[in-house]
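The structure appears right after this line, and notes come after that.
The values are calculated or read from the model by the stated rules, or taken from the named source; none is laboratory data. Source: prediction; values computed, not measured. So basically every Cβ, Gly included, is an ideal-geometry build from the backbone, and we count neighbours across all protein chains shown. What goes into the accessible areas is simple: the full protein's heavy atoms, side chains included, and nothing from ligands, DNA or RNA. Shrake-Rupley method; radii C 1.70, N 1.55, O 1.52, S 1.80 Å.
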Amino acid sequence: MELNELQKKILKLKQEKNALLLVHNYQIPEIQVIADLLGDSLELCRAAQKVEDIDMIVFCGVDFMAETAAILNPDKKVIIPSVKAVCPMAAMLSMDTLMEAKKQHPEAPVVLYVNTLAEAKAEATITCTSANADKIVRSLNAEKVIFGPDKNLGYYVQKRVPGVELVYVPDDGHCYVHRFIGNGDEAIKLKKRYPGSEIWAHPECEPEFQERADYVLSTGGMVRRAKETDAEVIIVGTEVGLIDRISRENPSKMFLPAKKYSECSAMKRITLENLYQALVEEKPVVIVPEDISIRARLAIERMLEAS
Ligand code: SF4
């Protein structure tokens, strides 16, 4: 992809300001191609943890991801190009719900998906991502675990760690994009049209679709499987931004959305224009209060050590 003038200006400014551009797989392709690191939540967490010799992190993703980068880099300026890039799933877990569950089940460790706000992470025993959720829950060796906010990810974990009881916080937390993909009827129709094709579902997809898919994979797992598979047609059950990336990296294969228009509007709040402006102004800065940051950091670091 040839870079346009704005992309070139962003790259120049990024270099002048010694900034690192971390970009989630669901961002628009024009931003994906100028990333220093393009990845899923876990990969971006790891990258943020290892950051050295830079003056600023520019995070192209949603609020909880930029907060995580700020928590792992308390001495660095972290900016997010749009304060409207707010993940609705992270917002579903209220502190009242979480604290009530902790009161009701004091013996249960709390495993929170990284798709939560910093205040909630500060109350977690450990965080997880869709790439390591089953491993994290298994590693606790607990009979009961408070788990949230994604119930579908909970289903994925429960299947792989059957001995554990999950107490969901909230009752029906979900990602509206993966819920929109539905039960996989469209994917099954596509598979019939393309014999030999594979269906992939993200663990945030509905249980019925997870059961019908050939593989249930995090976006990082999808990036790897895209390279490994011999299938020429792959039906992808996640946010459509990922399809831009894997199509670019695997031009001989065809990737189709499991459901058209499965797009996250929060992720698409970040544009080349507001990214450039954020670099010029060095704001909006992501601020996490120190007492919350210190406790949330422990939960994130436990996850990074365990995975
Ligand atoms: S895709 Fe879903 S979980 Fe991810 S940022 Fe959008 S709403 Fe949140």
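General observations
- Eligible aspartates and glutamates near Lys103 by straight Cα distance, threshold 18 Å, same-chain separation 8 or greater: Glu119, Glu123, Glu143, Glu165, Asp171
- Net length gained if the chain between Lys135 and Glu232 were fully extended (0.36 nm per residue, minus Cα distance): 31.9 nm
- For the stretch 177-257, alpha-carbon Rg relative to the globular expectation (2.2 N^0.38 Å, N residues): 0.96
- You can think of it this way: the chain between His105 and Asp172 has 22.3 nm of extra reach, that is 0.36 nm per residue less the Cα-Cα gap.
- Note: relative contact order over the stretch 11-71, using C-alpha pairs below 8 Å and six or more positions apart, is 38 percent.
- Cα principal axis extents for the stretch 50-177, largest first, Å: 46, 27, 27
- Here is the tail figure for the chain: Cα pairs spaced more than 26 Å apart come to 45 percent of all pairs.
- Computed from backbone phi with θ = phi - 60° and the Karplus coefficients 6.51, -1.76 and 1.60, the 3J(HN,Hα) list for the stretch 234-247 is 10, 9, 9, x, 7, 4, 5, x, 4, 5, 4, 5, 6, 5 Hz; x is used for glycine and proline.
- Sites Glu208 and Leu37 - FRET efficiency at Förster radius 35 Å, r taken between beta-carbons, to 0.05: 0.55
- The value of relative contact order for the chain, using C-alpha pairs under 8 Å at least six residues apart, is 23 percent.
- Cut-off 17 Å (backbone N to label point 7 Å along Cα→Cβ of Ala306), residues of the stretch 96-122: 102, 106-116, 120-122
- Stokes-Einstein diffusion coefficient of the stretch 5-53, Kirkwood radius over Cα pairs, 37 °C, 0.692 mPa s, in µm²/s: 288 µm²/s
- Top of Thr129, Thr68, Thr97 by mean-square fluctuation, Gaussian network on the chain, Cα under 10 Å: Thr97
- Probing with 1.4 Å while keeping every protein chain in the model, the per residue accessible area of the chain equals 44 Å².
- If you wrap the tightest convex hull around every Cα atom of the stretch 1-124 and split its volume per residue, you get 109 Å³.
- Relative packing of peptides 161-174, 200-213, 35-48, 72-85 - highest average C-beta neighbours within 10 Å first: 200-213, 35-48, 72-85, 161-174
- Dipole in debye (nearest 20) - the chain, about Cα centre, beta carbon charges: Lys, Arg +1; Asp, Glu -1: 520 debye
- Among the listed pairs Lys77/Lys227; Lys8/Lys189; Lys151/Lys260; Lys159/Lys227; Lys259/Lys283; Lys151/Lys191, a Cα-Cα separation exceeding 30 Å is found for Lys77/Lys227; Lys8/Lys189; Lys259/Lys283.
- Within a Gaussian network of the chain (alpha carbon springs, distance under 10 Å), most fluctuating of Lys260, Lys14, Lys103: Lys103
- Each residue of the stretch 274-289 is assigned a 3J(HN,Hα), and the resulting list reads 6, 5, 4, 4, 5, 5, 4, 8, 6, 7, x, 8, 8, 10, 10, x Hz, derived from the Karplus form 6.51 cos²θ - 1.76 cosθ + 1.60 (θ = phi - 60°), x at Gly and Pro.
- Normalised radius of gyration (Cα atoms, divided by 2.2 N^0.38 Å) for the stretch 135-178: 1.11.
- FRET efficiency, 1/(1 + (r/R0)^6) with R0 41 Å, evaluated for Asp75 and Lys192 via beta carbons: 0.15
- Sequence-ordered 3J(HN,Hα) estimates for the stretch 149-158 from the Karplus curve with 6.51, -1.76 and 1.60 and θ = phi - 60° stand at x, 8, 5, 5, 5, x, 4, 4, 5, 4 Hz, glycine and proline given as x.
- Residues whose placed amide H lies under 5 Å from that of Lys77, excluding near-sequence neighbours: Ile57
- Taking amide H as placed 1.01 Å from N in the peptide plane, Val216 has its amide H under 5 Å from the amide H of Ala201, each at least 5 places away in sequence or on another chain.
- Helical runs (DSSP H, four residues minimum) scored at -39500 (n - 2.57) apiece and divided by the length of the chain put the mean residue ellipticity at 222 nm at -12500 deg cm²/dmol.
- Gain on full stretching of the segment that runs from Ser252 to Lys8 - 0.36 nm per residue minus C-alpha separation: 85.0 nm
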